[in-house]
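Comments concern the structure below.
The values are calculated or read from the model by the stated rules, or taken from the named source; none is laboratory data. Computed from a prediction, not measured in an experiment: that's the story for all the values here. The protein model used for the area step is the full one, side chains on, heavy atoms only, and it has no ligands, DNA or RNA in it. Shrake-Rupley method; radii C 1.70, N 1.55, O 1.52, S 1.80 Å.
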Amino acid sequence: MTFHPSRRNFLQGLGVVSVMGLAGCTALAPKQRLMITVFNNTKARHILELTVVDGDDTLVQQYIELPAGIRNYSPEVQTVVSLGKVSKGKRVNVRAVVDGKESSVTDAPLILDCESEYKGNAVTARVQEGDTIHLSNDLDANHCFTETETVSDDSDWLNNETES
């Protein structure tokens, strides 16, 4: 039997190949989510630029406006971002910059390793006097979050007093 390629055979084969290719891509890795919680321990408004990178690749960049804090009260801003399809167990780096000043750059490692009952990982940033930033990382707070809960309020790290 001799096979004679036709336009119809070519298009049918192309359709099968493209469907198979798309099916493989969607199963590679689930979309990872990251909850970002930021406290402002200063009396001034700030803009925080938070970037999550995987090597040289930027996964997400988020700008967060922080209202000014007052004595014994640190305003909290919270958002959830998608990191895209990143494998579970992947180590990424979180970078934060306050008000665009390169001198106040802070980096923290984060391993995306929350179990399936959680919606994703969580990172917490605290802006302090002198425009310094303290980011939680896997050494002091590897948080996960669910749809109905936020980062735990009973954490010693989160309950640092507001600077007056």
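Observations on the model:
- Heavy atoms of the protein chains alone define the surface here; on that basis segment 47-100 has 56 Å² accessible area per residue at 1.4 Å probe size.
- Percent carbon-and-sulfur accessible area, segment 31-132, ignoring ligands, DNA and RNA, probe 1.4 Å: 44
- Heavy-atom accessible area order for T58, T51, largest first, 1.4 Å probe: T58, T51
- Residue-span extension gain [S87 to D57] - 0.36 nm each, minus C-alpha spacing: 9.4 nm
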